[in-house]
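Engineer: Dropping a structure here in structure tokens format, bear with me for questions.
The values are calculated or read from the model by the stated rules, or taken from the named source; none is laboratory data. Remember, it's a predicted structure, so these values are computed and weren't measured experimentally. Glycine gets a Cβ as well: all are built from the backbone with ideal geometry, and neighbour counts include every protein chain shown. Just the protein is used for accessible areas: all its heavy atoms, side chains included, with ligands, DNA and RNA removed. Shrake-Rupley method; radii C 1.70, N 1.55, O 1.52, S 1.80 Å.
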Amino acid sequence: MRPASATATPDTYAETVEGFGTVRFTPVDPAADSAVLHSWVVEERAVFWGMNGASRELVREIYEDVDRRDTHHAFMVRLEGEPVALFQTYEPAEDRVGECYEVREGDIGVHLMLAPAAGRPRPGFSRTLVGSLIRFLFRDPATLRAVAEPDARNDKALALLGRIGFVRQGGITLPEVDLPEVHLPEKRAVLAFLDRPEPLPAPVAAGVPRQQPAS
């Protein structure tokens with residue numbers, strides 16, 4: 001089996017997963033990425049991102065604001081150069097979820113939006129991509145636990161979290177946030193945690209058999 005490769009800098013992370021392709025994480029460029037992000041966030045499935053009626057200009061301004069923050073970060077995820085997801089991380093103590101549980105040292109909050117499905121379904125796509133997300137998320141040894149708070153009605157998101165090891169801690173109500181750039185309504189969510197995996201999952205595509213040791 002050809003080993004997967006991974007490279008990282010303070011601003012980017014990339015890895016090549018056998019049977020899947022090269023996954024690259026780069027900080028969102030508000031000007032260059034706003035058209036793609038706008039097409040995603042205005043869909044009905046993204047209602048709890050609070051941007052359903054937003055213009056492309058407003059989406060750009062929102063991610064310019066994120067870019068200025070030290071506590072919140074947004075990354076465009078590309079597979080073989082094509083945008084496939086928006087991945088956001090944040091310090092829970094500086095976010096509304098911090099009002100709903102006792103934040104620990106080493107916690108990091110996560111938000112994930114997958115691109116709209118195009119073409120025929122690709123078996124194992126979400127699970128393989130999430131493996132890359134986990135390796136990216138926990139590349140810093142100081143990160144000890146991921147915190148997720150998906151919409152309580154999003155059965156697909158909840159099922160995916162369960163498959164990759166997140167443990168549910170019950171329902172919460174995220175308070176309303178009314179910012180100049182975006183309005184986030186009160187949200188019924190499910191709080192879930194993922195402790196740092198040891199070791200981190202190997203970068204192999206779901207459905208691709210691992211090489212057996214030579215006899």
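Engineer: Can you tell me the accessible area per residue over the chain, all protein chains present, probe 1.4 angstrom, in square angstrom?
Structural biologist: I get 55 Å² per residue for this part.
Engineer: Continuing with this model, one more query. Where in the chain lies the longest segment free of trypsin sites (Lys or Arg not before Pro) that are both loop residues by DSSP (not H, G, I, E, B) and have at most 12 other Cβ atoms within 10 Å?
Structural biologist: Looking at the chain, 1-68 is the longest stretch - no exposed trypsin sites (Lys or Arg not before Pro) with at most 12 other Cβ atoms within 10 Å.
Engineer: What is the percent carbon and sulfur in the accessible area of segment 34-95, measuring with a 1.4 Å probe over the protein chains and ignoring ligands?
Structural biologist: 45 percent
Engineer: Using amide H atoms built in the peptide plane, which far-off residues or other-chain residues are under 5 Å from Asp29 H to H?
Structural biologist: When sequence neighbours closer than 5 places are left aside, there are no close amide H contacts.
Engineer: Of all DSSP beta bridges in the chain, what percent run antiparallel (nearest 5)?
Structural biologist: Here the share of antiparallel DSSP bridges comes out near 90 percent.
Engineer: Work out how much length Ser55 to Glu186 would gain on full extension: take 0.36 nm times their residue separation and subtract the Cα-Cα distance, in nm to one decimal.
Structural biologist: 45.0 nm
Engineer: Another question, then. Please identify, among Glu102, Glu149, Glu15, the residue showing maximal mean-square fluctuation in a Gaussian network model of the chain using a 10 angstrom Cα cutoff.
Structural biologist: Glu102
Engineer: Taking R0 as 35 Å, what's the FRET efficiency between Glu198 and Glu80 from their Cβ-Cβ distance, rounded to 0.05?
Structural biologist: Computed FRET efficiency for Glu198 and Glu80: 0.70.
Engineer: Beyond 24 Å, what share of the Cα-Cα pairs of segment 24-121 remains, rounded to the nearest whole percent?
Structural biologist: 24 percent
Engineer: Also: I'd like the Karplus ³J(HN,Hα) series for segment 96-110: coefficients 6.51, -1.76, 1.60, θ = phi - 60°, whole numbers in Hz, and an x wherever there's a Gly or Pro.
Structural biologist: Listing the rounded values in order: 5, 5, x, 7, 10, 7, 8, 6, 9, 4, x, 6, 9, x, 9 Hz.
Engineer: log10 I(q)/I(0), Debye, Cα-only the chain, no solvent, q = 0.07, 0.16 Å⁻¹?
Structural biologist: With no solvent term, the Cα-only Debye profile gives -0.22, -1.21.
Engineer: Relative to the longest principal Cα axis of the chain, at what angle does helix 125-137 sit, 0 to 90 degrees, rounded to 10?
Structural biologist: Once rounded, one gets 80 degrees.
Engineer: Check Tyr13: other-chain or 5+ apart residues with amide H under 5 Å from its amide H, H built from backbone geometry?
Structural biologist: Amide H neighbours of Tyr13, under 5 Å, 5+ apart: Phe25.
Engineer: A further question on this structure: Glu94 to Thr71: extension gain in nm, 0.36 nm per residue of separation minus the Cα-Cα distance?
Structural biologist: 7.6 nm is the gain from fully extending Glu94 to Thr71.
Engineer: Another one. PRE reach from Thr26 (point 7 Å along Cα→Cβ): which of segment 77-96 fall under 20 Å by backbone N?
Structural biologist: 77-89
Engineer: Still on this structure, please answer the following. Ala152 to Ala35: FRET efficiency via 1/(1 + (r/R0)^6), r the Cβ-Cβ distance, R0 25 Å, to the nearest 0.05?
Structural biologist: Computed FRET efficiency for Ala152 and Ala35: 0.20.
Engineer: Can I ask one more? What FRET efficiency comes out for the pair Gln169/Ala115, r = Cβ-Cβ distance, R0 = 30 Å, nearest 0.05?
Structural biologist: 0.55
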